[in-house]
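Nothing in this text is a laboratory measurement; each read-out follows from the coordinates by a stated rule. Values in this document were obtained by computation on a predicted structure and should not be read as measured data. When we count neighbours, we look across all protein chains shown, and the Cβ atoms used for this are built from the backbone with ideal geometry, even at glycine.
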Amino acid sequence: MDSARLTRRKQKTPRSSAISNNKIKLDPIKPIHGTWRQLQLELAKKRMGSSKPSETLISRSLLDFSETHVDTSEMGLSRMHRQFSSENNIDALGVNRHRISSHKIGFIYPQSIVIGPNNLYKSWSCQITMSYRFDPTLPPVLQNSRRDEVTIFQVVNNGFSWIVFKGFLKMNDTFTFKSQRSRDDRFCLRLEINGSLDTTISACCEHPYRHGGRIDDGDSSFWIKTVEKYVSCTKCKESVDLPLEELDDEKMSVDSSSVSDESEVEEDQPVDKSSTISTQVLEISKKKVEPSEPLTDHKMRPLKDKSDDDESALLKYINDSMQQALSKPKSSKIIPSRSIGNLENFTILYIDQNKIQDLNLLRSTINFIRTVNDTHTLQTLLTTIIDERLIVIITLDQAQTTLPELQQHKCIQFIYLLSKEKHSPKWINNYNKIIGIYPDINSIHNHLIKTLADVSFRMIPMEITSKESTTDLQFNYCHLLKETILCQDDESDLKKDMLTFCRLHYANNQEELDQIDTFEKSFIETESIQWYTRHCFLTKILSRAFRTQEIDLLFKMRYFIQSLHKQIQSIANKEPITIYTILDIGQEIIEKFQNNINGLVIFHSFLPATLERPCQNNDKQQCLIFSIKLSSNCAANIEQLRSSDCKIDVLINLNTIFRIVSIDKETNTVNLESVSQDDSHFQQLTEPLRKEITQAVVILQISKLLLETNHYWECDYLTELIYQDKSFENDGTLLASLAASHHLLGNANVVNKDNEGARYQFFKSLRAFHLFLPPYHSMLSSSYNNIGSMFYQDDHHESAIKFHEIALQCQLKASNPDMNAVATYSSNIGAVYIDQKNYTEAIKYLKRAVIIREKMSMDGDTRPLISLFQKISSCFWHTGNAKEALDYYKKTLKLQLELPNPLPHPLSVTYYNLSTAYARLGDYKDAVDCAEKSVEYLKMVPEKHLELKENQAQLEIVRQKLWLKQVLSV
C-alpha cells in the first residue's frame, strides 16, 4: 500500500495570500514622436469603419511596453503545499507596499455644469422618485431636525453634467426629479450631500431601476422608489443576458475539502507534493523569441477555434464585463469631492436667516460663495470642510449667538460683521478672528482686495527634516512632486488643458473669464512674473494648489508653473544676497525648527520675499520672520516686473532647498541658507526614490511617485479625472500612459490582496486602451490576462478562462507573438483547469507551454520549465496515470539538479513524489532509494522541517513493502 500524504491545503485562506511577498514590475513607457498623432487618427478612422486596422499600422507600436503578465498558474497554486519558495523568486520592481483599503473609487469629474440639459440631441426624459434614507447612527434630535443640501448631477458620455435636483432634505424625505439624456448616453447620476460625493449611478438606461430599491453599492444614503416614463435602451429591449452570471456578486463553487497534516490517508488518494510552487505575480521577459521552426496547429492554436461570429460574441462579452465592472464605483472618503468653482484658498460663507444679499461683487476677489440660513446646515457644513478657508460674513444681530460655534473651527480664517452701527460692542473683543464691523458688502470687498493677496502669500507650508535623517517620505514626496511637475511634457497642449480647466471653474465669473481670455491671447513666458503677482485666477488657484498639494490642481496648472520657473531661472541673481519673508506658522512648526538645526527645509511654493526686513505687526496670527542667505541662481529680483499693486521684491524659485542655520526666539526669526541640489544630505534623502519613479511620460511618473509615497487614492483620483475630461482622447501615447498608470494601481491592489480592486483597475486600463487600439491588439493581452488572474483568485473560474483565452488570442493574432506571453497564458489556463479538477484539459495547455519554453532561449533560468513539469506531473497523478507522472517527476528532478545552487527542500519534495510514484508502479527498490534521498535532503534544511517525520514514515512504509515483496518472491 502506498504511503501518501494529502496535498497541504490551508483552511480557506484568501487566495491572494500566497502573493503577498511578490513584486510587480512595469517597464518604462517610451513615447513615439513625429507622425504618431497622424497614425492615431488613421487608427481611429479605421475603428469607426467596418474594416479592421491593418497589421502594418498596428505593428507600429507607440511603446516599448514589456507587458505585465500576471501568472495565474503560479498564483492559484496556493491551494497546494508550498515548494522551493526561495528558488522561484523573480527579481522585480515593487510598487506601493502600504496598506490600502479595499474600497474602489469611482469619481466622475464634470467638464462643465449648467442648469438643464443644454444641446441634448433627441432627449429622453423620465421621472425618478427617491427617498433620503434614515440614518440610525444619528442622535434622535438630529434625525428630526438636520437638513442636508442634496445635489444631483446628470453626467453624459462627453463629461458634461448639469443639475437635475438641488435642495435641503431631512431624513426620510421623498423628492422627485427628471432624468434627461440622449439616446447615445448612459444613465449616469452623481449624488452629493453637502458638497461631498455620496454615490454614483451608472447604467445603460433607467430600465434596471424600474422596480426601485437600493442603489447598487449598498452604502448610499438614497433609495430609488419609482422610475416612470422611461425608455429602455436597445440592449434592455432585447433582454440580452450577460454571458455569465453576475460576476461581482456571486461566488462560484470551490472545493471546500481541507485536510490537516495529521489526517489519515486512504490507499488510492493521489498525492503530488510537487504541485506547490512558490507564487509569482509576474512572469516577465523583455525578449521576443522567434521559434526555430513554424509552429503547428496543435502546438499554437487555442483548443477552441473562434469563428467571426464567436469573435463578435467574445468582444461583446468583453464590453459587457467591462461595463458591469465599472458601473458600480465607490468613492474614497479620503479624497473629498470639490465643487465646481471651489479651487481657491478662500470661500465666502454668508450667514443670514432673513434675506440673502447680492454677493456677486465679491466674486472678483473670492469665486466660491456659500449661503446658509439655519444653524443645523451650518454645523453640518463646518464639520465636512477640510481644505477650505472660510471668510464669514454675518450680521451683527446674529453674531453673538453664532460666534461661539464659529470660533472653535480652524477652517474659519476671518469674520466680517455687517451692521450700520458705528460703535462696536465690547463682546467682540472675545473673538480674535473678527476683522471688524462694516456697513455693507462693498466695504468688505474693498478690504479683501487690499489684504487677501498678502494673506495668501503668507500661507505657504513647508517640510522640515533633521540632519540625521536618511529617509523622509513626506519631504521626498513634496520635493519630487515639484520636480515632476516641472518636467517638460511635449506630448500635451498644456496651455489649452489649463485654460479649459480654469474656464470650467470660473464659468459664472465674467471678470475672471475676461482675464482668462486675455491670458490666452497675449501671454508670453517673459510675462509670467507679472501675471503671478497680479491678483487673478492664476495666483488664486496656485496658492491653494501649493498649500494643499491637491494633485489635480498641480497637474492642470503645470503649464504656468513651468513658465514661471523658466523666467526666474533666466533672470536669476548671479550674486549672493540676503532676503526676508514672513509666514503664518503654527506652534508645532516653530518647535520643528528648534529641534532640527542644520536640517533641511523646503517650501511647497515659489517663495515671495523682500529686500528689507519686514515689521512684525501685532497680528492675531502667529508668524515667523525668515532671514535667508541665497546663493546665486536661486531667485530673481522682480521689482521691475511685478504687478503695480504687489509688494514683493524677490521671488525664490520652486525647487530651492534650504538649511536651518539658527533660530532667534527673541525676535522670532529663523535664519536659513540655500544649499545646492548636489548637497550630499539632500541627495541621500531623495536619490533612491527619484531613480525608482523616473519615467519618460509625466503622468506615469506622477503615478509612480504617488504610489511609492502612499498616495493610492490621489493616484486613482488623478487618473480618473484625466480620463473623464477627455483631454487625452486623441493622443495614443498619453492614453497608453494612463492605461499603464491603472496597471500600477492594480498591481498595488494585488500586493495588498485586494483582488476585486485590482480587477477594477485592470478594467480601467483596458478602457483606456480601447480608445486607441483595436480590441485584439497584442498590447492589450496583459490587461486581459491580469483581469483573468483576478477572476481566478476570486473563484470565478469560467470568467478567468475566458479572459486568459482572450489574452492568448491577442498574442496569436499578432504579427510577432511574444513567446513568453503565449507560454504564460497557456500555463494560466492550465492552472484554472487544475483548480476545476479538469486535468485532461489542463495537461493540453500545459504541454503547449512546455513546447514553447523548450524552444525559447532560457538564458540558464529553467525555473519556468520546472514549474510546468511539476504541474503536469500533478495532473497525471490526479488522473491515476502514475507512469506519466513519474516521467515528469524525473524531468523536474533533472532540471532541479542542474540549477547553480539547488536548495535541499525542493529536491526533497521531488524525491518524495518519485518515491510515491515508484511505489504505485510496484518498483519498491527505486521507491526506497528516492525516499532515503528525500529524508537526507530534508535533514540539510537549517531548522528541523515539519515534513521530516512524514518523509521518514514514507521511507519505512516502502522499505516494508520491498521486504514483503522479496519474501513473497522466494
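Does the stretch 573-696 classify as rounded, prolate or oblate by the C-alpha gyration tensor (a ≥ b ≥ c root eigenvalues; a/c under 1.5 gives rounded; else a/b over b/c gives prolate, otherwise oblate)? Display every interim value, and only then the final one.
Numbers: a/c = 1.88, a/b = 1.24, b/c = 1.52.
Since a/c reaches 1.5 but b/c is at least a/b, the shape of the stretch 573-696 is classed as oblate.
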For this session: For the stretch 346-457, just run the numbers: alpha carbon Rg, then divide by 2.2 N^0.38 Å, N being how many residues it has.
Result: 0.99
Seminar exercise, completed: Here the gain from full extension of Ala696 to Leu897, 0.36 nm per residue of separation minus their alpha-carbon distance, amounts to 68.1 nm
Exercise. Applying 1/(1 + (r/R0)^6) with R0 = 56 Å to the Cβ-Cβ distance of His423 and Asp678, what FRET efficiency is obtained, to the nearest 0.05?
Worked result: 0.35
Seminar exercise, completed: Charge dipole of the stretch 346-457 built from unit charges on the beta carbon (Lys, Arg +1; Asp, Glu -1), centred at mean Cα; most positive-end Cα among Phe368, Ser424, Thr395 is Ser424
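Using Cα-Cα distances under 8 Å and only pairs 6 or more residues apart, what relative contact order does the stretch 856-970 have, in percent?
Working: 114 pairs, mean separation 21.7, N = 115.
Once divided by the residue count of the stretch 856-970, the mean separation gives 19 percent.
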For this session: Would you work out which of Gln567, Leu600, Thr548 lies farthest towards the positive end of the dipole of the stretch 507-602? Charges go on Cβ: Lys and Arg +1, Asp and Glu -1.
Result: Leu600
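Relative to the present Cα-Cα distance, how much length would full extension add between Asp352 and Glu228 at 0.36 nm per residue of separation? Numbers along the way, then the final one.
Details: separation 124, 0.36 × 124 = 44.64 nm, distance 3.86 nm.
In short, 40.8 nm is gained.
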Problem set entry | Dipole in debye (nearest 20) - the stretch 438-575, about Cα centre, beta carbon charges: Lys, Arg +1; Asp, Glu -1 | 300 debye
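For a quick check of your reading of the filter: which GluC sites (Glu not before Pro) in the stretch 332-431 sit in a DSSP loop and have no more than 15 other Cβ atoms within 10 Å?
Working: sites: Glu344, Glu388, Glu405, Glu421; in loops: Glu344, Glu388, Glu421.
Filter output for the stretch 332-431: Glu421.
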Problem set entry | Charge dipole (the stretch 825-870, unit charges on Cβ, about Cα centre) - positive-most of Asn828, Gly860, Tyr845 | Tyr845
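Mean shadow of the stretch 397-545, computed from the convex hull of its alpha carbons, in nm²? Please list the in-between numbers first.
On the way: hull surface 55.9 nm².
The number I arrive at for the stretch 397-545 is 14.0 nm².
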Problem set entry | Whole-Å distance, taken between Cα centres, linking the stretch 910-948 and the stretch 436-469 | 77 Å
For this session: Report the relative contact order of the stretch 573-696, percent, no decimals, based on alpha-carbon pairs under 8 angstrom and at least 6 residues apart.
Result: 30 percent
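Mind giving me the FRET efficiency for Asn508 and Glu943? R0 is 60 Å, r the Cβ-Cβ distance, nearest 0.05 is fine. Walk me through the intermediate numbers first.
Numbers: r = 71 Å, r/R0 = 1.18.
E(calc), rounded to 0.05, equals 0.25.
Between Lys844 and Lys496, what length comes free when the chain is fully extended (0.36 nm per residue of separation minus the Cα-Cα distance, one decimal in nm)?
Details: separation 348, 0.36 × 348 = 125.28 nm, distance 5.46 nm.
Answer, rounded to one decimal: 119.8 nm.
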Exercise. For the pair Asn430 and Ile851, how long in nm is the line joining their label points, each one 7 Å along Cα→Cβ?
Worked result: 8.9 nm
Exercise. Is any residue of the stretch 189-213 close enough, with backbone N under 20 Å, to a label point placed 7 angstrom from the Cα of Asn319 along the Cα-Cβ axis, and if so, which?
Worked result: 202-208
Exercise. What is the distance, in nm, between label points placed 7 Å from the Cα along the Cα-to-Cβ direction at Glu956 and at His211?
Worked result: 6.3 nm
For this session: Extending each Cα 7 Å along its Cβ direction at Asn655 and Leu486, get the distance between those two points in nm, one decimal.
Result: 0.4 nm
Exercise. Going through the stretch 896-953, which GluC sites (Glu not before Pro) have at most 14 other Cβ atoms within 10 Å and a DSSP loop state?
Worked result: Glu943
